[in-house]
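J.: First, the structure itself, so that you have it in front of you.
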Amino acid sequence: MIKTETSYPERRLRGVLEELSSGCHRFLSLADKDQGHASRTRLDRERLKSCMRELENMGQQAKSLRAQVKRHTVRDKLRLCQNFLQKLRFLADEPQHSIPDVFIWMMSNNKRIAYARVPSKDLLFSIVAEELGKDCAKVQTLFLKLPGKRGFGSAGWTVQAKLELYLWLGLSKQRKDFLCGLPCGFEEVKAAQGLGLHSFPPISLVYTKRQVFQLRAHMYQARSLFAADSSGLSDPFARVFFINQSQCTEVLNETLCPTWDQMLVFDNLELYGEAHEMRDDPPIIVIEIYDQDSMGKTDFMGRTFAKPLVKMADEAYCPPRFPAQLEYYQIYRGNATAGDLLAAFELLQIGPEGKADLPPISGPVDTDRGPIMPVPVGIRPVLSKYRIEVLFWGLRDLKRVNLAQVDRPRVDIECAGKGVQSSLIHNYKKNPNFSTLVKWFEVDLPENELLHPPLNIRVVDCRAFGRYTLVGSHAVSSLRRFIYRPPEHSASNWNTTGEVVVNMEPEVTVKKLETMVKLDATSDAVIKVDVADEEKEKKKKRKKGSLEEPEEEEPDESMLDWWSKYFASIDTMKEQLRQQEASGMDLEEKEEMDSTEVLKGPMKVKEKAKAAKEEKKKKTQSPGPVQGPEAPEKKKPKIDELKVYPKELESEFDNFEDWLHTFNLLRGKTGDDEDGSTEEERIVGRFKGSLCVYKVPLPEDVSREAGYDPTYGMFHGIPSNDPINVLVRVYVVRATDLHPADINGKADPYIAIRLGKTDIRDKENYISKQLNPVFGKSFDIEASFPMESLLTVAVYDWDLVGTDDLIGETKIDLENRFYSKHRATCGITQTYSIHGYNIWRDPMMPSQILTRLCKEGKVDGPHFGPPGRVKVSNRVFTGPSEIEDENGQKRSTDEHVALCALRHWEDIPRVGCRLVPEHVETRPLLNPDKPGIEQGRLELWVDMFPMDMSAPGTPLDISPRKPKKYELRVIVWNTDEVVLEDDDFFTGEKSSDIFVRGWLKGQQEDKQDTDVHYHSLTGEGNFNWRYLFPFDYLAAEEKIVISKKESMFSWDETEYKIPARLTLQIWDADHFSADDFLGAIELDLNRFPRGAKTAKQCTMEMATGEVDVPLVSIFKQKRVKGWWPLLARNENDEFELTGKVEAELHLLTAEEAEKNPVGLARNEPDPLEKPNRPDTSFLWFLNPLKSARYFLWCTYRQLLLKLLLRVLPLLFRAFLFYSVPGYLVKKILGA
């Protein structure tokens, strides 16, 4: 649908989904009425419920999916629609068939020879057209197959018999419609009528209307056929079946792309029915392709079907319908495709005057091939003389043939009966390249490029005693990509009148304010977007938002390294992808606005956007990392960047086949699906070369512009293919998403590199328990092209016991890269520098490279001067003319403008092409034992330097950054407005026993607590408590690095990278039960809201992001003090303020911390003062008198005084009554 509906395929898909949704709704309404039918069994009722449930869900999904269909999402949504189709087909098939299927058997001597099975649902008759079986009351063609096990596999694909049947299955009361679909022009022969037999169908039919036809099958050629012989080729012939006749073409030996050029004539074909029915719906033609074997029976290779073009006797054999045009028919072998057939079929009615009215059969009948009639002139393609030039470069990776090594190979090229042979390679091991590079031959080819015959490439090994052994073959099915087309003079880059000036930004050491946005996957067009205005706008917005954060200074070059450039490039790549997605969405919305078909689309889009914003707002109100509001984008430092490709470099530059192509050589039989064999197993080597096809003679101006050379033809200017020594430098950056290789779900990966005889295994530097390891390694290998040109980079899993396991590997063809015009030897950097992190690493300077490219392409230039200006052809490039060395000394140079010309080399007329920039490519890792399944991805790049040139500099240092040791000192001063959780034992007053807990993320086991502020009545707590958190930090990734053993049985420590986040929690201490959690805040140490100066200014909105708060980084500020809110969720799952904490964060490097040590908590050195806590802050059961004083006297003072005043007189009286009797006795007795 996407290919054929070139304009707006998404609208068509929306219409299909709309139709599906309404159809589901219609089914539900009909099924709802039919649910209570009395004749339904329980299975029927349950199945109907299941169908209703499934279709209801499907209708809802289709409705929601319809709204999501956009131009850039059509392919993904189309795959989801395929799932709908499969589900509908599954539901339509009855689990338990109520009517048995129909079997047709072919018998011989009471033995069952072959059969066909027809589902009864396809034959059921109904008066409702939609419910009618698809084959009911139709003349259909059935192919009988072998019964039992013999009918499975390739043996069962051959047709045992072809039947034409008319089948009808219906209720007895509908028998009058039995013959409703038969072709007109018949008479019934009824059986003898007896009692109750009058309604039987007729025992036979007699056709009174008979038409006589002649079929002409024009069998021109086939391509990409099934390889049926062990040599990887076939001896194909075609058998054509029509009605009750069949004929065969001739057998062509050892080819997968036969050109039969043969006409088969079927005479006196009798067809029954009306003439107009024959014209509109002729019988089908069956074409089967077989492989002829000298011993044994023929092998079935594939089958296809065709309908002939019918000419009635009263029609004229003239355009536009006649003669028939050659068409391609897909050949199938079982369910798999097995090539294409190019043929035409004409069914010509023989009138009353006989064959005299038929168009004459032109052309010779007796040719060199025997009594074979060729395809007539009107149907066969119009031929023109073409020249095919063949570039013979070399052969690679040839496997043994019949246990013997290939030593003296030769390549034979054949197309349309003509061909050419390469020179013989005398010693394949020493030099697998050909001595004679270019040969050509002339051949007659169709003017229509779609009808060009395939070109066959065969490699033979010349052995002793004049024997030739076939090594492998390759069929180039389409020559279109090799046809030479003169460039259009109207193209913009061919405008040679006047000068085109390309200006370069004057700043050299900073990133250019240009964003390269690729328009299309196949287009090299580039838009240059000036970002200066956007930066100004951002600055204005930041000022308006009262963000007093100081502007980021330009980074110090001494602090920058290759990883700075890499991470900046990763950010740029992600930003570009986001921009492309956003622009795609904007374009879709605009189209929705413009289209009159979907008027409500924009409203829905706006509603969705509004809902998304609200959802985003809700999400920001989370307890997670408090990074403040939608924080302003962090300002990117001005760093030179490289290009990070999320795929292989070959896919970006068309496999580097700009002039040198690689053809896989195949041998052996093509495996069927049951065998599980793949084309990879059939590859026995590779032929490197190229083709150039063009009409002869070439116009004089075209040959002059193309630089036609009498010796090399169109392949002028190609380099020598003599062996060359090359220094290959492989940089392996990192691997991502590796497949686990150990039982713990991890792997211990290391790098292994193989090139020719060199095998490097970096086993000592394996990385323990990592699926995303950062290698940061470079390897230098000396190789000799072409013998050592296939580089294999593998990732192995290190094992303590046993052999190491291969996780995955990737293979790179270095030769194509080395000789490509895209210059993939060493990437072109963004700017030229002679020192620092962006140092120029190619041994050739930009001016030397430019001079060489101009010389090889025969381009006028380069002309340098005046300073800062260079002219190449009609393009003028300007830029800086000075460069600064390590000492700050400036000197004049032309390298900047030369580099500018190289970066715009694709704009140069005639010879321009994109040059490979400084890059990192991402390659999939594959494992031969798990074909087709990606085992991870590897980021790397390869530099190549010829050994006969000046030696390159030392390799770039891309070793992983070592984390820097820091110490974070956090002082918790006070808390305020903490929620009060406890009730006082004596007074019932609310209070809390507050303490604060803190830790760095990933170090939960090292969490630290303050002492307890007991019995806080106001939510205020005083601590003066210091935490100390030592940690290792990677500034580039903004991650804390933690190395620890997973368990006591682990062999190595595992490295974890965790975001730098500080968690502060406030708790209520309980002595006889678990402590109660009150609230928390998590601060991202790179971006967290600046603390409030006072507790009153500290609000909950600082954490939820509802207020614009300046964001600070502890790694820049070093010291921050303030108040932060603590939040917790309530019963309604909403956030509420549960307290505030005053803290001070102080960050020091390990060296600074060692020079200025401090004590943990309030200990020496540099102890903190004890907090000035209220007298009520103590533990009541350890100080009962104190608790009586504070909890009873302070609260019930008046009541206690009144009670005391009342109790004292009573006590006085009691003492009086107690002492008076004794006193009286003493007085009486005179004591």
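The values are calculated or read from the model by the stated rules, or taken from the named source; none is laboratory data. Just so it is clear, the model here is predicted, and its values are computed rather than measured. When we count neighbours, we look across all protein chains shown, and the Cβ atoms used for this are built from the backbone with ideal geometry, even at glycine. The accessibility values were calculated without ligands, DNA or RNA, using every heavy atom of the protein model including side chains. Shrake-Rupley method; radii C 1.70, N 1.55, O 1.52, S 1.80 Å.
J.: Just the residues that are open to solvent by less than 30 Å² (accessible area, probe 1.4 Å) and in a loop (DSSP other than H, G, I, E, B), please, taken from the range 1061-1075.
T.: Within the range 1061-1075, A1069 is the sole residue that qualifies.
J.: Does V920 count as assigned to a strand (DSSP E or B), farther than 27 Å from W563 by Cβ and open to solvent by less than 20 Å² (accessible area, probe 1.4 Å)?
T.: Answer is no for this residue.
J.: Which members of the range 850-860 meet the condition of being open to solvent by less than 30 Å² (accessible area, probe 1.4 Å) and touching a strand residue (DSSP E or B) at 6+ places or on another chain (Cβ under 8 Å)?
T.: L850, C854, V859, listed by residue number.
J.: Here's a follow-up. Can you find a residue in the range 81-99 that is open to solvent by less than 60 Å² (accessible area, probe 1.4 Å) and more than 30 Å from K145 (Cα to Cα)?
T.: yes
J.: Within the range 308-317, how many residues are open to solvent by 20 Å² or more (accessible area, probe 1.4 Å) and either out of contact with any strand residue (DSSP E or B) (no Cβ under 7 Å at 6 or more places or on another chain) or in a strand (DSSP E or B) (or both)?
T.: Total meeting the criteria: 4.
J.: Checking M58 against (1) open to solvent by 80 Å² or more (accessible area, probe 1.4 Å); (2) touching a Ser or Thr at 6+ places or on another chain (Cβ under 9 Å), which test does it fail?
T.: (1)
J.: Considering only residues that are open to solvent by less than 80 Å² (accessible area, probe 1.4 Å) and in a helix (DSSP H, G or I), which ones fall in the range 269-284?
T.: Answer for the range 269-284, where residues must be open to solvent by less than 80 Å² (accessible area, probe 1.4 Å) and in a helix (DSSP H, G or I): A275, E277, M278.
J.: Still on this model: Can you tell me which residue within the range 1080-1125, out of those that are among the acidic types (D, E) and open to solvent by 50 Å² or more (accessible area, probe 1.4 Å), is farthest from F995 (Cα to Cα)?
T.: Looking at residues that are among the acidic types (D, E) and open to solvent by 50 Å² or more (accessible area, probe 1.4 Å), I get D1108.
J.: Taking helices (runs of 4 or more DSSP H) that do not extend beyond the range 1-114, which have at least 1 residues that are in contact with a strand residue (DSSP E or B) (Cβ under 7 Å, 6 or more places away or on another chain), within 30 Å of Y166 (Cα to Cα) and free of Cβ contacts under 8 Å to residues at least 60 places away in the same chain? Steps first, please.
T.: Details: elements: 9-33, 42-68, 74-92.
In the range 1-114, there are no helices (runs of 4 or more DSSP H) which contain 1 or more residues that are in contact with a strand residue (DSSP E or B) (Cβ under 7 Å, 6 or more places away or on another chain), within 30 Å of Y166 (Cα to Cα) and free of Cβ contacts under 8 Å to residues at least 60 places away in the same chain.
J.: So which of E1046, E1038 is farther than 22 Å from T1063 by Cα, within 55 Å of the chain's Cα centre (by Cα) and either assigned by the TED database to the domain that holds K1155 or buried (at least 18 other Cβ atoms within 10 Å of the Cβ) (or both)?
T.: E1046
J.: Can you find, within the range 842-876, the residue that is nearest to T893 (Cα to Cα) among those that are modelled with pLDDT of 90 or more, in contact with a Cys (Cβ under 8 Å, 6 or more places away or on another chain) and assigned to a loop (DSSP other than H, G, I, E, B)?
T.: That would be P862.
J.: Across the range 1126-1148, what is the number of residues that are open to solvent by 90 Å² or more (accessible area, probe 1.4 Å) and either under 27 Å from D1032 (Cβ atoms) or out of contact with any strand residue (DSSP E or B) (no Cβ under 9 Å at 6 or more places or on another chain) (or both)? Working first, answer last.
T.: Going residue by residue through the range 1126-1148, those that are open to solvent by 90 Å² or more (accessible area, probe 1.4 Å) are 1129, 1131-1134.
Filter once more, so that each one left must be either under 27 Å from D1032 (Cβ atoms) or out of contact with any strand residue (DSSP E or B) (no Cβ under 9 Å at 6 or more places or on another chain) (or both): 1131-1134.
Counting residues in the range 1126-1148 that are open to solvent by 90 Å² or more (accessible area, probe 1.4 Å) and either under 27 Å from D1032 (Cβ atoms) or out of contact with any strand residue (DSSP E or B) (no Cβ under 9 Å at 6 or more places or on another chain) (or both) gives 4.
J.: Of A238, A217, A222, which residue is outside any loop (DSSP other than H, G, I, E, B), closer than 21 Å to P376 by Cα and in contact with a Gly (Cβ under 8 Å, 6 or more places away or on another chain)?
T.: None of the others qualify; the one that does is A222.
J.: Does the range 1092-1102 include one or more residues that are of a type in the set (G, A, S) and at pLDDT 90 or above?
T.: yes
J.: Among the residues of the range 374-394, is any more than 28 Å from E447 (Cβ to Cβ) and surrounded by fewer than 20 Cβ atoms within 10 Å (Cβ to Cβ)?
T.: Within the range 374-394 (the criterion being more than 28 Å from E447 (Cβ to Cβ) and surrounded by fewer than 20 Cβ atoms within 10 Å (Cβ to Cβ)), the answer is no, since none of the residues qualifies.
Let's see how each residue does on (1) more than 30 Å from E1037 (Cα to Cα); (2) in contact with a helix residue (DSSP H, G or I) (Cβ under 8 Å, 6 or more places away or on another chain):
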position	(1), (2)
W1124	no, yes
A1150	no, no
P1157	no, no
R1162	yes, no
D1166	yes, no
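J.: Give V1012, V978, V942 a once-over and let me know the one that is open to solvent by less than 50 Å² (accessible area, probe 1.4 Å) and modelled with pLDDT of 95 or more.
T.: The match here is V942.
J.: Inspect all residues belonging to the range 477-492 and state whether any of them is of a type in the set (F, W, Y), modelled with pLDDT of 90 or more and open to solvent by less than 70 Å² (accessible area, probe 1.4 Å).
T.: In the first step, residues of the range 477-492 are kept if they are of a type in the set (F, W, Y); the result is 482, 484.
Adding the requirement that they be modelled with pLDDT of 90 or more leaves 482.
The next check asks that each one be open to solvent by less than 70 Å² (accessible area, probe 1.4 Å); those that pass are 482.
Yes; the residues of the range 477-492 include at least one that is of a type in the set (F, W, Y), modelled with pLDDT of 90 or more and open to solvent by less than 70 Å² (accessible area, probe 1.4 Å).
J.: Name the strands (runs of 3 or more DSSP E) wholly within the range 970-1039 that hold at least 1 residues that are of a type in the set (D, E, K, R) and within 28 Å of S1113 (Cβ to Cβ)?
T.: Working: elements: 990-1000, 1013-1016, 1021-1034.
Of the strands (runs of 3 or more DSSP E) lying wholly inside the range 970-1039, those with at least 1 residues that are of a type in the set (D, E, K, R) and within 28 Å of S1113 (Cβ to Cβ) span 990-1000, 1021-1034.
J.: Restricting the search to the range 1027-1049, which residues are touching a residue at least 12 places away in the same chain (Cβ under 8 Å) and farther than 29 Å from H1146 by Cα?
T.: Passing the criteria: only E1046.
J.: Further question: Restricting attention to the range 740-755, and to residues there that are open to solvent by less than 10 Å² (accessible area, probe 1.4 Å) and without any contact (Cβ under 8 Å) to a residue 60 or more places away in the chain, which single residue is farthest from A794 (Cα to Cα)? Give the steps one after another, and end with the answer.
T.: Keep residues of the range 740-755 that are open to solvent by less than 10 Å² (accessible area, probe 1.4 Å), which gives 747, 749-753, 755.
Cutting the leftovers down to without any contact (Cβ under 8 Å) to a residue 60 or more places away in the chain gives us 749-753, 755.
On the way: P749: 10, Y750: 8, I751: 6, A752: 5, I753: 6, L755: 11 Å.
Restricting to residues being open to solvent by less than 10 Å² (accessible area, probe 1.4 Å) and without any contact (Cβ under 8 Å) to a residue 60 or more places away in the chain, the top hit is L755.
J.: Another one. Can you report the number of residues in the range 333-353 which are touching a helix residue (DSSP H, G or I) at 6+ places or on another chain (Cβ under 9 Å) and either among the hydroxyl-bearing types (S, T, Y) or not in a strand (DSSP E or B) (or both)?
T.: So the count comes out to 2.
J.: A follow-up question, please. Kindly list, by first and then second residue, each pair from a residue in the range 1202-1226 that is of a type in the set (A, V, I, L, M) to a residue that is surrounded by fewer than 10 Cβ atoms within 10 Å (Cβ to Cβ) and outside any helix (DSSP H, G or I), limited to pairs with Cβ atoms under 8 Å and residues at least 6 apart or on different chains.
T.: V1225/A1231
J.: Taking the conditions exactly as written (at pLDDT below 90, at negative phi and of a type in the set (A, V, I, L, M, F, W, C)), does I724 satisfy them or not?
T.: Details: at pLDDT below 90: no; at negative phi: yes; of a type in the set (A, V, I, L, M, F, W, C): yes.
It is false that I724 is at pLDDT below 90, at negative phi and of a type in the set (A, V, I, L, M, F, W, C).
J.: Has the range 777-784 got at least one residue that is outside the structural domain of I1042 (by the TED database), part of a strand (DSSP E or B), within 16 Å of E939 (Cα to Cα) and more than 28 Å from the chain's Cα centre (by Cα)? Step through it out loud before you land on a result.
T.: First, the residues of the range 777-784 that are outside the structural domain of I1042 (by the TED database): 777-784.
Subset that is part of a strand (DSSP E or B): 777-784.
If we keep only those that are within 16 Å of E939 (Cα to Cα) too, we end up with 777-779.
Retained after the next criterion (residues that are more than 28 Å from the chain's Cα centre (by Cα)): 779.
The answer is yes; a qualifying residue exists.
J.: Under 9 Å between Cβ atoms, which residue pairs at least 6 apart in sequence (or on different chains) link something in the range 130-142 that is in contact (Cβ under 8 Å) with a residue 12 or more places away in the chain with a partner that is small (G, A, S) and in a strand (DSSP E or B)?
T.: L142/A116; L142/A161
J.: Looking at (1) surrounded by 11 or more Cβ atoms within 10 Å (Cβ to Cβ); (2) not in a loop (DSSP other than H, G, I, E, B), can you tell me which one A356 breaks?
T.: A356 satisfies all of (1) surrounded by 11 or more Cβ atoms within 10 Å (Cβ to Cβ); (2) not in a loop (DSSP other than H, G, I, E, B) except (1).
J.: Among the residues of the range 141-158, which ones are at positive phi and open to solvent by less than 30 Å² (accessible area, probe 1.4 Å)? Explain how you work it out, then say what you get.
T.: Narrowing the range 141-158 to residues at positive phi: 148, 153.
G153 - this is the single residue of the range 141-158 that is at positive phi and open to solvent by less than 30 Å² (accessible area, probe 1.4 Å).
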